Amino acid sequence: MASSSSPPQPRQSPPPFAAQNPTAQGPGHGALPAAFSNLQISRGAAPPPGAPHGLTPQTAPPAFVPRPAPLAAARATFPGSPTAPPFVRAPTASAALSFGRSPAPAPQQPPPPFGGPPGAVSQLPPKFGGPPGAVSQSLPPFRGPPAAASQAPPPFGGPSAAASQAPPFGGPPGAGSQTLPFGGLAAMGSQPAPPLFGGPRPTFPGQPVASAAASSQPMPPSFGAPQQPPPPFGGPPQFGGLRSGVQQSFAAQSATISQQPPFMGPPRANAPAFGPRSWQSQGAGSGAMQPPIRMPGILGSMPPNTLGQGVPPPGTPTIPYSPHAGTQVSTPSKIDPNQIPWPMPEASVIIYETRQGGQATIPPAASSEFIVKDTGNCSPRLMRCTVNQVPCTGDLLTMSGMPLALMVQPFSLPHPSEEPIQLVDFGEIGPIRCSRCKAYINPFMRFVDQGRHFICNLCGFSNDTPRDYMCNLGPDGRRRDADDRPELCRGTVEFVATKEFLVRDPMPAVYFFLIDVSMNAIQTGATAAACSAIAQAISDLPEGPRTMVGIATFDSAIHFYSLKRSQQQPLMLIVPDVQDVYIPLQTALILPVSECWENLKQLLESIPDMFENNRVADSAFGAAMKAAFLAMKSTGGKLLVFQSVLPSLGVGSLSAREAEGRANITTGDKEAHKLLQPVDNTLKTMALEFAEYQVCVDVFLTTQSYVDIASISVVPHTTGGRVYYYYPFSALSDPAKLFNDLRWNISRPQGFEAVMRVRCSQGLQVQDYFGNFCKRVPTDIDLPAIDSDKTVMVTFKHDDKLQENSECGFQCALLYTNVYGQRRIRVINLSLSCTSMLSNLFRYADLETQFACFLKQAANGIPTSPLPRIREEATNTCINILQSYRKHCASVSSSGQLILPEALKLLPLYTLALTKSVGLRNDGRLDDRSYWMSHVSSISVLLAVPLVFPRLFPIHDLTSRADDDSLIPSPLMLNSENVREDGVYLLENGEDGLIYVGNMVDPTTLEQMFRVSSLAALPIQLVLEQFDNELSRKVNEVVNEIRRQRCSYLRLRLCRRGEPSGDYFRSFLIEDKVPVGFSYVEFLVHVHRQIQSKMT
C-alpha cells in the first residue's frame, strides 16, 4: 500500500481574514415598537462546554506548527484582522427573556450585526494542469494563456500559535439556555435581577499561548505502486462583468469577464485548495469537549470589549456547571431589543481538531471561518450531524423533537491551509473491508489478538486481518503503524478502486451543449448569450484526450452539428421528427475538444446569425434532450441545456398552468399545490433512463415567461444536476452571470458515474435520502454527476438501543470517476458519543445543520400540502423542540419565561425567516416557488441559512471605513428601521443581490456609484460597473468578495421605494411585521404562548 501527500511549499498570503466592523449599525438599529422597548437579562452559571459530566475543564489544545513560510505573528497572514488574541468566554447555562416593564436600563452597546470574515483563498489556483503526476508547475489552460507556476499551500499551515490557539471553552456566553420571560411587572426603579449562580465574571488582560506541536506524519510505503495524492481542488470562482463604461456584444465578452482559473482536477501535488465560502452567523454548537468553538451569546449581557463583541477578554474564569441555571426578566409590554437573540460574527479563524482525547469534538458553526485538522473524524464540511451526541433510544430522540440526520457534501471545498485528502492504493486486493457489512477500514475499527483480527465498528463482526496488512499492537492497543496509515488515523481518505468496482471502462469527460434557437430565444438575446458563454467557458474544460464535446440546437426541429476537423466548416444535420427522435450519425457528433476546437468556435459565433430571422416559436425541449441523450448513451456525461420558452412540441411538451395557478391561489384553492407537481411522468421516465446511462442534465432557463419549472426540474433532480434560473432574462445584465455560472459548473470539483452509500452502527438504520440523485435500490443512490455544491441529506431511525458511553459510527462511501477517468472511492467517517441524557442532545445540537434539515423537509412537502400547513408544521417543529427543552431540561419555574437552549437560541428567528421565504409565501409566481424548491433540494448547510435569512449591508458610506477594516461591512439587522431613505443598501442571499436606493440619496453618491445625476436617470436593468472613484471601487470589491464567498455570481437588481422592486426588497426584512406574518418579537411571544399552552 502506498500513501502520499503534497510536499510542503511556500504559500502566498491569502486575502484578508478581517473581522467585521462590529460597531457598524443603521439608524434605529434594533428598534422595536414602544410596547416592547426594554428587556433585561441576567446570566446563569457557566458550564464547562463539553465532555461527559465530571471531567475537568481542559486547556486549549496546542497550536500547530506552520510549515515553511510560517506566519510571523498572531494572524499575520490575515491582514485587517484585529491584533488582539481571540476572545472567548465560558458558556452560561441559560438565560431568560421576559416581557413587561423592566428596570431602568443601563446604557447598552448595540448588538454587533452578524457577519464575519470573508472566506479564505490563499491564491488563485493554476489552470488545468493535466492528469496526475509529480508535476511541479501547472500547465497552461487548453488553448489559453500560460499560467504562472502555482505554489501549494502548506498541507496544514494555519495561523501561528497566537492566532490558532483554541480557547479553553469556546462556547458563547450562554451554552445552556437563554430564557425570554413573558411575566409579571417590575418596579420602574428596580435593579436588574442578579445571576442565579455566581456574580459578575472578573476579566483578565491576557491569555497564555499554547505550545506548538508538529502536525505531520511521514507516510511509509507499503504494498502497491506509489500514488500521487489528490490535492485540494482548484479555487472558488472569481467573477467578472462588463467593463466600466463599455457596452460590448455577446461575442466580445471574453475580454470583459475576468478569467479566474477553475477547478484543477484530481491528483496533482502542487494545486492549492479552495477557500471556503463564508457566511458568518451564530454558531451551531453550544460547547465542545475540547472545543475550538467561539460562539457569541446574547447581546447586552455584559459590557463590550474593544472589538465591540458581547464577550469578555480572554482569561475569563469558568464557573461550575449547573444544568438548571436560568435567568429571569419580566413583563409582557417591554422588551429590550439588545436582549433578543441575534446572529453574531466570529472574530477569528478557528483551528479545529476533529477528535481530542479519544472523543469527538464539537464542530464550529458551518458559517464560521475554521481550519480543520483531521484527527480521526472527517471534516465537518464533508459531513455534519444534526446532533453531536447520538441518543441511545428512539424514544429519547422523539422526546427531544429534533431530527437525527447527516448532511453529506462529499466534494465540499476545503480551506487552503488544510491538508489534502490522502490517496491510498491497496493494489490488486483493494481496500480492506468488513466481510459482513462491507464497511471500509477506518480509524474506529479495533485490532485484537496481536493484530490478527479486527472488529468492525459498525456491525461488531470480527474479521481476519490479511497477511500483508498485519502489524503488531502497541501498549495502548493500537497498531504501531496507525499514525502512518491514513486509513487508520484520518476521518476521510480516498482509495484507488480495483477492477471489482468497474462494470465498464471509466467514462470520458463528455460535455454536450443544447441551445434553444426558437424565435423568443433569438429575440431576447438568450441564444447569443448562451453561445458567448459556451465559447468562453470551453477553455476551462478539463484538458486531455478524454475530454469530449458535442453541440446541437433546437426549435421545432433538432439540429445536430458535425465538427470534424477535416471539414472546412461545421455540417448541420436536421432531425425533424420530434415524436420519435433519432440521431443522424452514430459517430462524429461528440469529439475530443482538440479535434473540433476551431469548428466549434466558428459555429458558436455563427449560430445567432444563422437563426437571426427564425420565426418558429415552438420549442421541442424534451425531444431535443432525448436526441442528445441518444448521442451520449454510449459514454454518459453532462448535458447542458439552454432553454428560453415553455416546451410546446414533441415528447415532453407542456402547457401553461400559471394562469390556473394564479386563480387558485387568489381564491384560496386548497389544491393549488398540485400545480407544483410535474404535469405527468413523461419527463420523469426520460430522466430515469438518462440516469441509468450516467447522463447528468443541467438546465439554464433564460426566460421572460412561465416555463413550468415544476415539470422541467424533474430531469436535473433525478440525474444529479440543477436548474439555473434567469427571470426575467435581460440581454444587458444577465450574460455575465450566465457565463460565470456555466464556467463554475464545468470547472468545479466534480465526479461522474457515482454511487453513494451511508452505513451506520447497529441500533440505527438509514431511513431515507434527500437530494438530486436516482435511487434504484434501498441502500444506494446513483449520481450521474456529483460536485462541490451538492449536498445529500440522510435521515436515520432507531431499530435497537445504543449503549451509553459507547460511540455510534457513520460512514459514507462514494465510488466515482474523476475527470481524468480514474476510479476512486472516497470514504468519510464520523464517530459520535452516545448519550441517554436529553440535556446533552440540546447542549450539543447543531443549529445550522438542523435548520438545513427543516428547510429541505419544508421544500419536500410543498408539492403535496397547502402552504399554510407547511408554515404551521415548520412553526410547530420549532415549538416542540423548545417545549421539550423547557419541560425536561430547565428548572426555571416561572411560566412567564421563554427558555431557549443556547445552541438553538436562533431557531425561532430562522423558523420565522423560513415561513416568510419565497417558497412559503402566499404571493409569488409558480415558477419562482418551483425554482426555490429545486434549489433547496441540494443546498449545503453553509448556504441554507442565508437563503432565507439574507445579509444586509450599507454601501453608501464605504469610503468612511478605514482601509484596515474588513472588506465587507458588518451586516445590519433585517428590519426597516435600518433602511434609511438617504442610503444605498445591498441585500444578498447567496443567489441574488438587491441594491436598494433610497429616495433621498445624495446626488454625489449616485454619480459616483451609478454615473447618473438623479434618481430618475437610474437604469431599470443594472450592470454594476467600476468607475474612477473610491466609492465605486469599494462597492465592486464588496460585491465581488460576496460572489467569491458564495461561489455564485450574484444576480444584481435595483430596488426603489414605491415600486414593485421596493416591495420585493422589503419582503426580505423578515424581522418586520407583515399583513400575514409576525414580527420577530411577536413570533417570540407566539412561540412562548404555544409552549405555555402545551405545558398546561
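Eigenvalues of the Cα gyration tensor times 5, then square-rooted: what semi-axes does that give for segment 496-610, in whole angstrom, largest first?
Here the semi-axes work out to 27, 18, 15 Å.
Using a 1.4 Å probe, what is the accessible area per residue for segment 798-918, in Å²?
26 Å²
Calculate I(q)/I(0) for segment 365-514 by the Debye formula, one identical point scatterer on each C-alpha and no solvent, and give its log10 at q = 0.09 Å⁻¹ to two decimals.
Here the Debye-derived log intensity ratios amount to -0.41.
So what is the relative contact order of segment 506-599, in percent, for Cα pairs below 8 Å that sit 6 or more residues apart?
29 percent
In nanometres, what is the gap between the two model label sites at Lys1073 and Asp449, each 7 Å from Cα along Cα-to-Cβ?
So the two model labels end up 7.3 nm from each other.
So who's got an amide H within less than 5 Å of the one on Val510, skipping anything under 5 residues away but keeping other chains? H placed 1.01 Å off N, in plane.
Counting only residues 5 or more places away or on other chains, the set is Met548, Lys638.
Report Rg/Rh for segment 900-953, rounded to two decimals, where Rg is the Cα radius of gyration and Rh the Kirkwood radius.
Reported Rg/Rh, Kirkwood definition of Rh: 1.01.
Using a Debye calculation, one point per C-alpha and no hydration shell, please list log10 I(q)/I(0) for segment 801-902 at q = 0.19, 0.22, 0.24 Å⁻¹ in order.
Values returned for q = 0.19, 0.22, 0.24 Å⁻¹ are -1.08, -1.15, -1.21.
Nothing charged except the Cβ atoms of Lys and Arg (+1) and of Asp and Glu (-1): what's the magnitude of the dipole of segment 532-625 about its Cα centre? Round to the nearest 20 debye.
240 debye
I need the per residue convex hull volume for segment 458-540, using only the alpha carbons, in cubic angstrom as a whole number.
Taking only Cα atoms, segment 458-540 has a hull volume of 251 Å³ per residue.
Length gain on complete extension for the stretch Ala962 to Leu732, per 0.36 nm per residue less the alpha carbon to alpha carbon distance?
Net length gain for the segment: 79.4 nm.
Quick check on segment 875-987: what does the Kirkwood estimate of hydrodynamic radius come out to from the alpha carbon pairs, in Å?
17.4 Å
Quick check: at a probe of 1.4 Å, how many percent of the accessible area of segment 761-837 sits on carbon and sulfur atoms?
Carbon plus sulfur share of accessible area: 43 percent.
Taking only protein heavy atoms into account and a 1.4 Å probe, give the accessible area per residue of segment 933-1054 in Å².
On a per-residue basis, 32 Å².
Regarding segment 337-391, what is the average projected area of its C-alpha convex hull, in nm²?
5.4 nm²
Taking just the C-alpha trace of segment 582-646, give me its Rg and Dmax in Å.
Rg and Dmax of segment 582-646, Cα atoms, are 13.7, 36 Å.
What FRET efficiency comes out for Thr779 versus Asn999 if R0 is 60 angstrom and r is the Cβ-Cβ distance? Round to the nearest 0.05.
Efficiency, rounded to the nearest 0.05: 0.50.
Using only the Cα atoms of segment 920-1054, construct the convex hull and provide its projected area averaged over every direction, in square nanometres to one decimal.
Hull-based average projected area comes out at 9.2 nm².
Pop out the Kirkwood hydrodynamic radius of segment 760-853 from its pairwise C-alpha distances, inverse of mean 1/r, in Å to one decimal.
It is 15.6 Å.
With the contact rule set at Cα under 8 Å and sequence spacing of 6 or more, what percent relative contact order holds for segment 975-1021?
26 percent
Can you give me the distance in nm between label points at Gln1092 and Lys438, each placed 7 Å from the Cα along the Cα-to-Cβ direction?
If labels sit at Gln1092 and Lys438, their model points lie 5.6 nm apart.
Please list, in chain and number order, the residues 5+ apart from Leu573 or on another chain whose amide H is under 5 Å from its amide H, with Hs placed from the backbone.
Amide H neighbours of Leu573, under 5 Å, 5+ apart: Phe560, Tyr561, Ser562.
Can you work out the accessible area per residue across segment 424-488, with the rest of the protein chains kept in place, probe 1.4 Å, in square angstrom?
48 Å²
Determine the distance separating the Cα centre of segment 495-550 from the Cα centre of segment 713-753; give it in Å without decimals.
12 Å
In segment 495-606, carbon and sulfur make up what percent of the accessible area (probe 1.4 Å)?
Within segment 495-606, the accessible surface is 51 percent carbon and sulfur.
Relative to the Cα centre, what is the charge dipole magnitude of segment 940-1096, using +1 at the beta carbon of each Lys and Arg, -1 at the beta carbon of each Asp and Glu, and rounding to the nearest 20 debye?
For segment 940-1096, the charge dipole is close to 660 debye.
What full-extension length gain, to one decimal in nm, is calculated for Arg1057 and Lys674 as 0.36 nm per residue of separation minus the Cα-Cα distance?
Between Arg1057 and Lys674, full extension yields 134.4 nm more.
In whole percent, and with a 1.4 Å probe on the protein chains, what portion of the accessible area of segment 669-713 is carbon and sulfur?
Ligands and nucleic acids excluded, carbon and sulfur reach 46 percent.
The values are calculated or read from the model by the stated rules, or taken from the named source; none is laboratory data. If you're wondering where the values come from, they're calculated on a predicted model, not measured in any experiment. Every residue, glycine among them, receives a Cβ derived from its backbone with ideal geometry; neighbour counts consider all protein chains shown. To get the accessible areas, we keep the full protein, side chains included, count just its heavy atoms, and leave off ligands, DNA and RNA. Shrake-Rupley method; radii C 1.70, N 1.55, O 1.52, S 1.80 Å.
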